[in-house]
Amino acid sequence: MANAGKKKIVLTGGGTAGHVTPNIALLPALREAGYEIAYVGSEDGIEKELMRDCGIPYIGVPTGKLRRYFDVKNFTDPFRVLKGYAKARKFLKSYRPDVVFSKGGFVSVPVVRAAAGLKIPCVIHESDMTPGLANKLCFGAAAKVCCNFPETVAKMPRNKAVLTGTPIRAELFSGDRQKGLALCGFATAAGTASEEKTEGTAAVEAAAKPVIMVMGGSQGAASVNEAIRNHLDELLQDFRVVHLCGAGKYDASKDGIEGYKQFEYVKEDLRHLFAAADLIISRAGANAIFEILALRKPNLLIPLSIGTRGDQILNARSFEAQGFSKVLVESEEEGILNRKLVSTVQDLYRNRDQYIAAMTGAGQQEAIPKIMSLLNKLAE
């Protein structure tokens, strides 16, 4: 279904920011390559607002969740999926894209299946080590499947799977350490703990301490927040701490503690906080850990382990096996996070160089050029 003029691409994916952010990261490269871009997402999902902020034409289609458990919506959602398929097919037939790129989520199922029926080549990106149900339903229709983990590639047909990593927003690489420190109210006279300390004032001593950034996602992570605050006195002996605690999880009683700064959520200035961080403590969502990998920040992963299908645990264990991360899994032993947090962070910092070296040699780098190469070949 080739076009005589400008190349066209349809992006899809939604349900969570994790299904949209990598698509946003691809936009500058797609524009530079001369693609006309449209986005097909759900009628009222988070992707609608995000894409409109990016100036991308948006087409909303009905969608339904494909559940593995009993819910009364299981009787009505299949009809929404069929409606979504019909609307997606109608749009694709009219728009005539050269290629479709899907980041997953249930809205992608009718789009990818409709594209396959119209013989439009599709590239799917799978973030987690074990694919979600939506992507599983689309693999048969895909020309290529981009993967984040070597373990995923090994389990898929060799001619389809490609180890690419996740597209990372270019602005994350433009952070300024001094701006990040200033945002936290940390003194900036000295750099990291690896630099020579100046004898004298307590302010200079405090400025020489390395910075830990704690990330729990936009909603925060209650158990991680609690453990950090429980052990704040110990951590602040050797580190400064910037804590992204999540919406509604700010603890005003900790205001004014020297070397500790809380934010509920940071958007535009996140790049500067990344630049200021010497270590990162994070959940193990795929987008977050691949941003950490791309920035080569030594990290402690505390995967979400309760009420999930266990994908974060698998993600974290893969990063641990590849030498990129240290891992603490809360569910393995009651109280492990509180007992081992400080000693694990200290060990991570002592051995930070080996983690940086492992991340430097990772195969999941330069995801955008790899994905663009696949898209360009299929769009020819």
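The values are calculated or read from the model by the stated rules, or taken from the named source; none is laboratory data. Given the structure is predicted, the values throughout are model-derived calculations rather than measurements. Neighbour counts are summed over all protein chains in view; Cβ atoms, including those assigned to glycine, are modelled from backbone coordinates with ideal geometry.
Here Val81 meets the list (1) modelled with pLDDT of 90 or more; (2) closer than 19 Å to Pro110 by Cβ almost entirely, failing just condition (1).
Of the residues in segment 85-96, not one is assigned by TED's automatic domain parsing to the domain that holds Leu137, at pLDDT below 85 and of a type in the set (Phe, Trp, Tyr).
One residue is enough: does segment 56-63 have a residue meeting the conditions more than 23 Å from Ala142 (Cβ to Cβ), in the same structural domain as Tyr95 (by TED's automatic domain parsing), outside any strand (DSSP E or B) and modelled with pLDDT of 90 or more? Taking every residue of segment 56-63 in turn, at least one turns out to be more than 23 Å from Ala142 (Cβ to Cβ), in the same structural domain as Tyr95 (by TED's automatic domain parsing), outside any strand (DSSP E or B) and modelled with pLDDT of 90 or more. Within segment 36-58, the set of residues being surrounded by fewer than 23 Cβ atoms within 10 Å (Cβ to Cβ) and closer than 16 Å to Pro167 by Cβ comprises Ile37, Leu50, Cys54, Ile56. For segment 248-356, the helices (runs of 4 or more DSSP H) that sit wholly inside it and include 2 or more residues that are more than 21 Å from Gln237 (Cα to Cα) are 270-276, 286-295, 311-321.
Counting only residues that are over 22 Å from the mean Cα position of the chain (by Cα) and assigned to a loop (DSSP other than H, G, I, E, B), segment 3-44 holds 9 of them.
For segment 123-148, which residues satisfy the criterion of being more than 18 Å from Ile368 (Cβ to Cβ) and among the hydrophobic types (A, V, I, L, M, F, W, C)?
Applying the first criterion (more than 18 Å from Ile368 (Cβ to Cβ)) to segment 123-148 yields 128-143.
Result: Met129, Leu133, Ala134, Leu137, Cys138, Phe139, Ala141, Ala142, Ala143.
Rundown of residues vs (1) of a type in the set (A, V, I, L, M, F, W, C); (2) assigned to a loop (DSSP other than H, G, I, E, B); (3) farther than 19 Å from Ala367 by Cβ; (4) within 19 Å of the chain's Cα centre (by Cα), yes/no style:
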{"site": "Val111", "(1), (2), (3), (4)": "yes, no, yes, no"}
{"site": "Ile120", "(1), (2), (3), (4)": "yes, yes, yes, no"}
{"site": "Asp128", "(1), (2), (3), (4)": "no, yes, no, yes"}
{"site": "Asn135", "(1), (2), (3), (4)": "no, no, no, yes"}
{"site": "Cys146", "(1), (2), (3), (4)": "yes, no, no, yes"}
{"site": "Thr152", "(1), (2), (3), (4)": "no, no, no, yes"}
{"site": "Gly180", "(1), (2), (3), (4)": "no, no, yes, no"}
{"site": "Phe186", "(1), (2), (3), (4)": "yes, yes, yes, no"}
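Scanning segment 236-251 for residues that are under 13 Å from Met213 (Cα atoms) and more than 23 Å from the chain's Cα centre (by Cα) returns Leu236, Phe239, Arg240. Screening Glu320 with (1) surrounded by fewer than 21 Cβ atoms within 10 Å (Cβ to Cβ); (2) farther than 18 Å from Lys340 by Cα; (3) free of Cβ contacts under 8 Å to residues at least 24 places away in the same chain gives one miss only, at (2).
Evaluating Ala208 against the criteria (1) farther than 19 Å from Leu300 by Cα; (2) surrounded by fewer than 21 Cβ atoms within 10 Å (Cβ to Cβ); (3) at pLDDT 95 or above leaves one unmet condition, (3).
Within segment 107-146, the set of residues being out of contact with any strand residue (DSSP E or B) (no Cβ under 7 Å at 6 or more places or on another chain) and at pLDDT 90 or above comprises Val109, Arg113, Ala114, Gly117, Leu118, Lys119.
Residues in segment 332-378 that are of a type in the set (Val, Ile, Thr) and in contact (Cβ under 8 Å) with a residue 40 or more places away in the chain: Val342, Thr344, Val345, Ile356, Thr360, Ile368, Ile371.
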